[in-house]
Amino acid sequence: MSVLVYTESDQGTLKKGALEVASYAKAVADKLGTSVTAVAINANNTSELAKYGVDKVLNISNDALKAFDAKIYANVIKQAAEKESSQVVVLSSSADSKYIAPLLAVSLNAGYASNVIEAPSSTSPFTVKRNAFTNKAFEVSQINTEIKIIGVSSNAFGLVETSGNASAEDFSPSITASDVKVQSVDKVTDKVTIADADIVVSGGRGLKGPENWGMIEELANVLGGATACSKPVSDLGWRPHSEHVGQTGKPVASNLYIAIGISGAIQHLAGVNASKVKLVINTDPEAPFFKAADYGVVGDAFTVVPELIEKLKAFKANQ
Ligand code: FAD
């Protein structure tokens with residue numbers, strides 16, 4: 001009857017999102033008076049999960065699962081849910097988990113609520129609050145099926161540390177062949193991705209050309225963040241499409257989003273609404289982005305950004 005949580009890893013290392021969904025699963029388990037079981041696929045070390053409320057880890061180690069395949073992963077998680085008789089399965093809102101969740105819902109005959117931002121306000125009926133309309137509204141939903149699948153919105157619940165130990169168990173589900181077999185995945189970059197980054201430094205057309213991206217990369221490096229851009233910037237070929245943020249690009253749910261030379265068109269804002277703190281640097285005080293910003297600097301990026309980098313470097317050197 002334990003709450004099952006799928007804890008994603010990247011090349012063997014647990015993702016930060018895995019700790020957040022574990023924290024969420026713990027909150028659900030407390031409300032239901034039960035425990036939390038995590039299912040981890042090809043993760044090297046899952047001991048950290050105990051700190052976030054996991055009581056048991058089902059470790060699956062199988063070369064056939066090295067390349068992500070939504071159908072196969074969904075089937076593996078289904079077997080874990082059946083083994084644990086889980087009535088609630090928790091996943092993140094990563095692209096992979098968003099592929100898995102509907103497949104899992106169909107196979108378990110479960111109801112699925114995505115973009116959930118809070119622990120359930122009630123477990124009978126099971127009631128959750130979700131982001132809706134690209135984070136411009138909230139929706140309260142009831143899941144009335146026996147098994148419930150929850151997709152937790154990134155950075156919405158946060159990490160909640162607790163004390164406790166987790167037992168570990170090797171789990172060997174049967175692996176079914178998929179109709180389309182993923183043979184290998186070549187990553188575009190080893191850098192932290194926009195989806196996983198705590199800090200995202202994003203540039204727009206106000207930066208005039210690709211030759212000026214050095215300062216964007218340097219600021220991201222100093223902050224340990226990822227770089228991103230507006231749609232026209234990737235359309236112009238100044239930056240790769242993998243960095244394009246917005247309605248037609250990637251969503252960002254970082255703790256800090258720094259928008260430099262980006263006007264703040266509604267299609268761009270749709271992709272950054274879920275970020276906690278937004279800092280905008282723009283020469284135009286009337287730029288729409290300022291209305292959505294937590295902090296704003298009216299100024300020329302070519303003056304402000306290098307100064308910001310220097311100040312941050314000095315601050316770090318004195319720490
Ligand atoms: P601009 O609108 O040209 O703004 C540049 C900004 O830089 C201005 O505010 C200017 O004041 C400022 N600036 C200029 N010089 C400086 C300087 N030296 N220092 C600081 N600031 C300076 N856009 C997206 O980003 N993502 C999407 O997913 C997306 N999807 C779309 C989908 C559809 C169907 C449509 C129609 C459009 C979409 N767009 C999307 C495009 C969107 O409408 C805007 O055109 C785009 O976001 C503008 O990009 P920008 O802010 O970089 O450029």
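Give me the percent of the accessible area of the chain that comes from carbon and sulfur atoms, probe 1.4 Å, all protein chains in place. Intermediate results must be reported in sequence, preceding the final value.
Numbers: 7730 of 15420 Å².
Within the chain, the accessible surface is 50 percent carbon and sulfur.
Suppose only helical runs count, i.e. DSSP H with n ≥ 4. What mean residue ellipticity at 222 nm does that imply for the chain under -39500 (n - 2.57) per run, divided by all residues and rounded to the nearest 500 deg cm²/dmol? Could the numbers behind the result be given before it?
Values: 8 runs with 85 residues, N = 319.
-8000 deg cm²/dmol, from helical runs alone.
At what distance in angstrom do the alpha carbon centres of the stretch 190-227 and the stretch 1-30 lie from each other?
After rounding, the separation between the Cα centres reads 28 Å.
How big is the C-alpha Rg of the chain next to the rule-of-thumb value 2.2 N^0.38 Å, as a ratio?
Details: Rg = 20.9 Å, N = 319, 2.2 N^0.38 = 19.7 Å.
The value comes to 1.06.
When each pair of different Cα atoms in the stretch 1-43 is counted once in the 1/r mean, what is the Kirkwood radius in angstroms, to one decimal? Walk me through the numbers on the way to the answer.
Values: mean 1/r = 0.0957 Å⁻¹.
Over the stretch 1-43, the inverse of the mean reciprocal pair distance is 10.4 Å.
Let me have the relative contact order for the stretch 74-224, percent, based on Cα pairs under 8 Å that are six or more residues apart. Write down the numbers at each step before the final one.
Numbers: 174 pairs, mean separation 32.1, N = 151.
The value is 21 percent.
Name the longest site-free stretch of the chain, where the excluded sites are GluC sites (Glu not before Pro) in a DSSP loop with no more than 15 other beta-carbon atoms within 10 Å. Can you show the working numbers first?
Details: sites that count: Glu146, Glu161, Glu286.
Within the chain, the longest run free of exposed GluC sites (Glu not before Pro) spans 1-145.
By how many degrees, 0 to 90 and rounded to 10, does the Cα axis of helix 214-223 deviate from the longest principal axis of the chain?
Between helix and principal axis, roughly 50 degrees.
How are the Cα pair distances of the stretch 198-267 distributed, in percent, across 5 Å bins from 0?
Taking all Cα pairs of the stretch 198-267, the binned fractions are 4, 19, 32, 29, 14, 3 percent.
Please work out the ratio of the alpha-carbon Rg of the stretch 244-288 to 2.2 N^0.38 Å and round it to two decimals. Spell out each step's value before the answer.
Numbers: Rg = 10.0 Å, N = 45, 2.2 N^0.38 = 9.3 Å.
It is 1.07.
Take every DSSP beta bridge with both residues inside the stretch 3-170 and express the antiparallel ones as a percent of the total, to the nearest 5.
Numbers: 12 of 36 bridges.
In the stretch 3-170, approximately 35 percent of DSSP beta bridges are antiparallel ones.
Accessible area per residue, 1.4 Å probe, Å², for the chain: what's the number? Don't skip to the answer; put the middle values down first.
Details: 15420 Å² over 319 residues.
So the chain comes to 48 Å² accessible per residue, rounded to a whole number.
Quote the relative contact order of the stretch 3-170 in percent (integer), defining contacts as alpha-carbon pairs under 8 Å separated by 6+ residues.
27
Hey, rough spin-label estimate for Lys136 and Val298, points 7 angstrom out along Cα→Cβ, what's it come to in nanometres?
That separation, rounded to one decimal, is 2.6 nm.
Calculate the dipole size of the chain relative to its Cα centre from +1 charges on Lys and Arg beta carbons and -1 charges on Asp and Glu beta carbons; express the result in debye to the nearest 20. Intermediate values should be presented prior to the final figure.
On the way: 29 positive and 33 negative charges, 89 e Å.
Magnitude of the dipole: close to 420 debye.
Computed over the Cα atoms of the stretch 199-317, what is the convex hull's projected area averaged over all directions, in nm²? List each step's numbers first, then the result.
Details: hull surface 25.6 nm².
It is 6.4 nm².
Compare Lys16, Lys191, Lys276 in a GNM of the chain, Cα atoms joined below 10 Å, and give the one with the largest fluctuation.
Ranking Lys16, Lys191, Lys276 by mean-square fluctuation puts Lys191 first.
Using 1/(1 + (r/R0)^6) with R0 = 30 angstrom and r between the beta carbons of Glu310 and Asp196, what's the FRET efficiency to the nearest 0.05? Write down the numbers at each step before the final one.
Numbers: r = 28 Å, r/R0 = 0.92.
Once rounded, the FRET efficiency stands at 0.60.
Just list whichever of Lys71/Lys98; Lys16/Lys181; Lys66/Lys98; Lys16/Lys98; Lys129/Lys291; Lys31/Lys71 have alpha carbons separated by over 21 Å in the model shown. If you can, show how the numbers build up before the last one.
Values: Lys71/Lys98 12 Å; Lys16/Lys181 28 Å; Lys66/Lys98 18 Å; Lys16/Lys98 16 Å; Lys129/Lys291 25 Å; Lys31/Lys71 31 Å.
Over 21 Å apart, Cα to Cα: Lys16/Lys181; Lys129/Lys291; Lys31/Lys71.
I'd like the antiparallel share, as a percent to the nearest 5, of DSSP beta bridges with both residues in the chain. Walk me through the numbers on the way to the answer.
Values: 12 of 56 bridges.
Here the antiparallel bridges make up roughly 20 percent for the chain.
Suppose every K and R has +1 on its Cβ and every D and E has -1 on its Cβ; what is the size of the dipole of the stretch 3-170 about the Cα centre, in Debye to the nearest 20?
Working: 15 positive and 17 negative charges, 84 e Å.
With only Lys, Arg, Asp and Glu charged at Cβ, the dipole is about 400 debye.
Just Ser93, Ser154, Ser141 to compare: in a GNM of the chain, with alpha carbon springs under 10 Å, which one fluctuates most?
It is Ser141.
State the answer as a single residue: which of Ser47, Ala137, Gly158 lies farthest towards the positive end of the charge dipole of the stretch 28-165, with beta carbon charges of +1 for Lys and Arg and -1 for Asp and Glu, about the Cα centre.
Of the candidates, Ala137 comes out farthest on the positive side.
Can you work out the base-10 log of I(q)/I(0) for the stretch 89-160 at q = 0.13 1/Å, using the Debye formula on its C-alpha atoms alone?
Debye curve over Cα of the stretch 89-160, log10 I(q)/I(0) at q = 0.13 Å⁻¹: -0.34.
Considering the Cα positions of the stretch 3-170, please state its Rg to one decimal place and its Dmax as a whole number of Å.
14.5, 42
Just how large is the dipole of the stretch 35-88 about the Cα centre, in debye to the nearest 20, putting +1 at every Lys and Arg Cβ and -1 at every Asp and Glu Cβ? Present the calculation step by step, with values, prior to reporting the outcome.
Working: 6 positive and 6 negative charges, 9 e Å.
With Lys and Arg at +1 and Asp and Glu at -1, about 40 debye.
Going toward the positive end of the dipole of the stretch 141-275, with +1 on Lys and Arg Cβ and -1 on Asp and Glu Cβ, which of Pro232, Gly246, Leu219 do you reach last?
Most positive-ward Cα: Pro232.
The values are calculated or read from the model by the stated rules, or taken from the named source; none is laboratory data. This one's a predicted model, so the numbers in the text were calculated from it and none came from an experiment. Backbone-built Cβ (ideal geometry, glycine too); neighbour counts: all protein chains shown. Quick note on the areas: whole protein, heavy atoms, side chains included, nothing else; ligands and nucleic acids left out. Shrake-Rupley method; radii C 1.70, N 1.55, O 1.52, S 1.80 Å.
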